[in-house]
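**Q** Once you've had a glance at the structure underneath, I'll fire off some questions.
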Amino acid sequence: MRGRKQGVVGMIGSRGSDMIYPGAGAYTSSKAALAAICHTLAKEVEPFNIGVTCIEPGDFRTEVFSIPIVAFEKIPDYEPVLSPTFELVKGFLAAWRSTEGSRTYS
């Protein structure tokens, strides 16, 4: 692309960087890092007439939530902080499952 003095780099990010919930720091920070990389790369390749775009899609069905989350030990002191997030995720999953088959994607 530098040699041709034109091009576009596309990256797939996530709106997740804007959704701050207790217990989701690793997820949201990784999404924010990708957005920062996109913005930085855009400045770095701008002199070569290369564009950079970061596509951040909204919600869509994925199998990621079908995997049980058992990778961490619950610490009772954090229960009051993390419990609302867990309840939010449970509600989100229930809503997804209740509309299975009725959504269309374009």
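Throughout, read-outs are computed from the coordinates displayed, never taken from laboratory work. Nothing here was measured: the structure is a model prediction, and the numbers come from that model. Glycine also receives a Cβ, built like all others from the backbone with ideal geometry; neighbour counts cover every protein chain displayed.
**Q** Roughly how many nanometres apart are two label points built 7 Å out from the Cα toward the Cβ at residue 24 and residue 11?
**A** Reported label-point gap for residue 24 and residue 11 is 2.0 nm.
**Q** A follow-up question, please. Straight-line reach from residue 5: which lysines have Cα under 17 Å away, leaving out those fewer than 8 places along the same chain?
**A** 43
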